[in-house]
Structures are given as structure tokens and as C-alpha cells.
Amino acid sequence: MRSKLVKVEKMEVVSQLAASISHEVRNPLTVVKGFIQLLKTPSLSQDTKDRYIQIALDEINRAEAIINDYLTFAKPASNKVERLMVDAQLRKVVQMLVPMAHMSSIEIVEELQPAAIVGNIQYFQQCFLNLIKNSIEAMPNGGTLTISSRVHGNHVIITIKDTGVGMTTEQVGRFGEPYFSTKEKGTGLGTMIAVKMIQTMQGALHIQSEVNKGTTLTITFPKAAN
Ligand code: ADP
Ligand code: MG
């Protein structure tokens, strides 16, 4: 059984996010550059110029939106935090992924006990969407996905268990590393963002995985005061 407790240092997180931003923003910037170069073409009609300028502005807006998305994670102090029920939020996320699970004949088991934490709902949903999606993708030939939540002392414990391909020790070690992906069309950003969000909500992530047996992620958050 491979096991690892994920605790990424803050500096590392910041540099990971910087890497993501530059990667994601490169596409719109390339488009902007292309259209500005086109604007240098002699004898362009005013109509054409206006169109090129609008495209460039739209792409700049897109780049700005991407930067805002990533920098929201980098500034946890500015995030809206509220009391949230993890069972209800997990149910919502699972609901979104039911069609994807059905395509691979995956059985979903929910063992959700009511539990409250304090955090940002969007982060919570994004985080668990990324993690549960990976579990489903780890079972292309079917299997069982078990999602549980429970209160234990002052903590809320969430587990995401799959009976999928599992991970080697090296892969467990690289979990959360930006651009690390074993998938043909993977981004390698999902776990990085999830880990960052768990940290933002004062949580901890523990990974247990065995090749060809499956993976269990255990995420622990401080329980919200009653
Ligand atoms: P992506 O899903 O785009 O590959 P992620 O950051 O979401 O990027 O995941 C990174 C890598 O971590 C995956 O490519 C996979 O190798 C591994 N991984 C994550 N979750 C699981 C899981 N439940 N089972 C097996 N491997 C996993
Ligand atoms: Mg993923």
C-alpha cells in the first residue's frame, strides 16, 4: 500500500500557480499578437481594422478572466467563506458526474452523513469535481466509486474511493504537481488546484493507492462550530 500525506509549502503553491497562469494565458496572447500584426497591413478598410481591434480586445478580456480565476486561489484572504454542508455539496458534485460515470459502467455509492465546515462553496465544488472526475477516469472499464462524509471529533472526514488503475509510489509523490498527467489529453492542473483549495480551507489530504486495486483519498477539514 502506497501512502503519502500531502503538505505543499506556500512558496511552492505560489510558483505552481504562476506556472499555470502563464500557460493558460499564452493562447489568447498569441491571438492578440497575430491581430495586432495584421493591423500593420497597408490599406486596410476601417471596418476590417475595427474588427481586428475588437478580436484583440475580446482576447485580452479572456486572458484577464483566466488571471482572475487563478489569482482568486492565490489570495485566500479575499475569498468569501461561509458555513457549508459537505454532504449536500458532495451530492451536487456527484450529480454532475453521474452521466460520466454511467458511460464507464461505474456504480456510485454515497455514504454521506451531515457535516458542516467553513469554506468557500465554489472552491469546495471545484476541488471535489476535480478529484472525483479523476476517480471516474481511473475506472475506464467500470468499478465502484464510494463517496463518504462523517464527523469525527472536531473534524469532518471525506473519502473518495475508487477501484481503478491506482498509482505507483512515484505517481503518488507527484500528485498535485502542476502539469503532471498520465493521460493523453490531461492538463495536470486538476489535482494542483484541488490541493490548493483544500489548503485554503485548512484541510489536509491523504492518499492511499495501489496499482490495479484503486485509490482512496481522505480529506479532513476542521468541523464548523455549531
Ligand atoms: P489530469 O486529470 O488532467 O491528468 P490531474 O491533475 O487531475 O490531471 O491528475 C494528475 C494525475 O494524477 C493523473 O493524470 C493521474 O495519473 C493521477 N491521478 C489522480 N487521481 C487519480 C486516481 N483516483 N487514480 C489514479 N490516478 C490518479
Ligand atoms: Mg483531472
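The values are calculated or read from the model by the stated rules, or taken from the named source; none is laboratory data. Keep in mind it's a predicted model, so treat the numbers as computed, not measured. Here the Cβ positions follow ideal geometry from the backbone for every residue, glycine too, while neighbour counts run over all protein chains shown. These accessible areas exclude ligands, DNA and RNA; they are computed on the full protein's heavy atoms, side chains included. Shrake-Rupley method; radii C 1.70, N 1.55, O 1.52, S 1.80 Å.
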Quiz item: Tell me, what is the 1.4 Å probe accessible area of Arg51, in Å² to the nearest 10?
Solution: 130 Å²
Quiz item: What does the range 80-128 give for Rg and for Dmax, in Å, if only its C-alpha atoms count?
Solution: 12.2, 37
Practice problem: Once you've got the Cα coordinates, tell me which of Lys92/Lys223; Lys80/Lys161; Lys92/Lys196 are over 25 Å apart. | Solution: Lys80/Lys161
Quiz item: Loop-only check: which GluC sites (Glu not before Pro) in the range 94-181 are DSSP coil with at most 12 other Cβ within 10 angstrom?
Solution: none
Exercise. Would you give the gap between the C-alpha center of the range 75-126 and the C-alpha center of the range 27-56, rounded to a whole Å?
Key: 43 Å
Self-check item: All-pairs alpha carbon distance profile, the range 95-152, 5 Å steps from 0, percent
Solution: 4, 16, 25, 24, 16, 10, 4, 0
Practice problem: Please calculate the 1.4 Å probe accessible area of Thr144, with all protein chains present, and give it to the nearest 10 Å². | Solution: 40 Å²
Quiz prompt | Quarter of the Cα convex hull surface for the range 81-226, i.e. its orientation-mean projected area (nm²) | solution = 8.0 nm²
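Do you know the relative contact order of the range 84-226, to the nearest whole percent, from alpha carbon pairs under 8 angstrom that are 6+ apart?
It comes to 26 percent, rounded to a whole number.
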Quiz item: What order, most packed first, do the peptides 153-161, 213-221 have when packing is the mean number of other Cβ atoms within 10 Å of each residue?
Solution: 213-221, 153-161
